[in-house]
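Everything below concerns the one structure shown next.
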Amino acid sequence: MKNRHLACPLAAATALALAGCGMLPGGGGTKTVNIWLMRDSVSEEFLSRFTEAYEEEHDGVELQVTIQDWTGIGKKVTDAIQGTGGPDVIEVGNTQVAQYADTEKLFDLTLESVRDLGSEDWLPGLAEPGSIGGSQYGIPWYAANRIVIYNKDLFADAGIDKPPATRAQWLADTEKLNSKGSQGIYLAGQDWYTLAGFIWDEGGELATDRGGEWTGALESAAARRGMAYYKELQSLGSGPKDADEQNPPQADVFAKGDVAQLIAAPSAVAAILKANPALKDKLGYFPIPGSKAGQPCAVFTGGSDLIIPENAPQRGAALDVVKALAGEKWQTDLARTMGYVPNKKGLASVVAGQEATAVMARGAARGRATPNSPQWADVEADNPIKPYMTAVLQGEDPVKAAKLASAEITDTLAE
């Protein structure tokens, strides 16, 4: 989802066998398409349905699905696409496509994107990172992004009967909620993905590409306006200024019942309810408000793309598999099964009956991804945006702090 550092082991053979997915190459001209998917991206039930249906519809084709772990997968994928006889289809994090395309070992899927896959309707946060130098190497598969999860009882106690429509109204409402022993919002000081949305909403960027040279852009007026808004919102709660949303886990903080709002993906709901089942009927959802009514804030879109290596042994068959997975039938099944946003804006209605996912889909229409540089993963590895945020929240000069962080981003992207 974010710039994920992937890893290698196979899923348990018995689990895949039970799911109908660990099939061995057959004889008599049978084509075996080797697919790498990431752990927890799909359920065994979805894999079983897809595999059985696909093999029934494609005589002579068998699908062999290998489940990979995220930890350390970057090297494994790079080795596979540079070697011979590797997988035919690989799921990768949407923001990772650039680093694999940089090897010049990915198959160019531009023609199929335009001719067969309706690329004009793809979510930008999935499509843009899959496009390198004008060519499409990553095919959008599924998306997820942050929304606002709120406590209906605390909203009612504050006299707020509907979610805010704009960022200005959101601030006013959050200030009302931040009273009587409750936090208006729990927002950790280093939640930089949320900050990125505010920066994009103001027209700023984390980094800019000028003729192939990437430059950090946090010192721009627009980016600093995004940070100023973050600071104002963060002050309306007791989130730590020097930690991210995992320290402590923000779902656990919200579950205590005295926090009115949380910015998180809908997947956080399970953790919230596990910690406090009494909140089950008290949760509401709305997109992160934008600067204009009727237009949600820009948000970071996490998710996955599908790539095909140049060296794929069954490249033709792999193309058909990707077309199926990215097509309407299986996008609808995947979204409803897993609570994901489908890869096209026009498919948002298929999750209309799932409240939190439907809200997420509204925000995904304005989704963005991190800078499309092969070195962006290195920026995140020693992330200068986090200490920049803490510095501003603790009262340091925002211009000076932004210039320092931008310089570090520039240096890393130049490596």
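The values are calculated or read from the model by the stated rules, or taken from the named source; none is laboratory data. Model, not experiment: these values are computed from the prediction. No Cβ is skipped: glycine too gets one built from the backbone with ideal geometry, and neighbour counts run over all protein chains shown. The protein model used for the area step is the full one, side chains on, heavy atoms only, and it has no ligands, DNA or RNA in it. Shrake-Rupley method; radii C 1.70, N 1.55, O 1.52, S 1.80 Å.
Is it the case that the range 18-30 has a residue that's more than 21 Å from the chain's Cα centre (by Cα) and modelled with pLDDT of 80 or more?
Yes, the range 18-30 contains at least one residue that is more than 21 Å from the chain's Cα centre (by Cα) and modelled with pLDDT of 80 or more.
Of all residue pairs spaced 6 or more apart or on separate chains, those with beta-carbon atoms under 6 Å, a first member in the range 352-381 that is in contact (Cβ under 8 Å) with a residue 24 or more places away in the chain and among the basic types (K, R) and a second member that is part of a helix (DSSP H, G or I) and crowded, with 22+ Cβ neighbours inside 10 Å are R368/G125.
Looking only at the range 110-135, residues that are closer than 16 Å to A318 by Cα and not in a helix (DSSP H, G or I) come to 2 in all.
Listed here are the residues, each with its yes/no results for (1) aromatic (F, W, Y); (2) over 28 Å from A352 (Cβ atoms); (3) in contact with a Cys (Cβ under 7 Å, 6 or more places away or on another chain); (4) open to solvent by 40 Å² or more (accessible area, probe 1.4 Å).
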{"position": "E219", "(1), (2), (3), (4)": "no, yes, no, yes"}
{"position": "A222", "(1), (2), (3), (4)": "no, yes, no, no"}
{"position": "L233", "(1), (2), (3), (4)": "no, yes, no, no"}
{"position": "D252", "(1), (2), (3), (4)": "no, yes, no, yes"}
{"position": "A255", "(1), (2), (3), (4)": "no, no, no, no"}
{"position": "D258", "(1), (2), (3), (4)": "no, yes, no, yes"}
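Among the residues of the range 132-182, write down those that are open to solvent by 40 Å² or more (accessible area, probe 1.4 Å), farther than 21 Å from I288 by Cβ and at pLDDT 95 or above. Selection gives Y137, D153, A156, D157, G159. Determine whether the range 70-86 contains at least one residue that is free of Cβ contacts under 8 Å to residues at least 60 places away in the same chain, among the basic types (K, R) and not in a loop (DSSP other than H, G, I, E, B). Scanning the range 70-86, I find at least one residue that is free of Cβ contacts under 8 Å to residues at least 60 places away in the same chain, among the basic types (K, R) and not in a loop (DSSP other than H, G, I, E, B), so the answer is yes. Residues that are in a helix (DSSP H, G or I) and within 29 Å of T32 (Cα to Cα): does the range 342-360 have at least one? No, the range 342-360 has no match at all.
Candidates A270, A293, A251: the one that is without any contact (Cβ under 8 Å) to a residue 12 or more places away in the chain and either under 30 Å from K386 (Cβ atoms) or not in a helix (DSSP H, G or I) (or both) is A270. Screening the candidates G303, G316 for the property of being part of a strand (DSSP E or B) and among the small types (G, A, S) yields one hit, G303. Within the range 381-396, the residues that satisfy the criterion of being open to solvent by 20 Å² or more (accessible area, probe 1.4 Å), at pLDDT 95 or above and in a helix (DSSP H, G or I) are K386, P387. Of the residues making up the range 322-329, not a single one is surrounded by fewer than 23 Cβ atoms within 10 Å (Cβ to Cβ), closer than 19 Å to S135 by Cα and among the acidic types (D, E). Evaluation of R225 against the conditions (1) in contact with a strand residue (DSSP E or B) (Cβ under 8 Å, 6 or more places away or on another chain); (2) under 25 Å from A243 (Cα atoms) shows that the sole unmet condition is (1).
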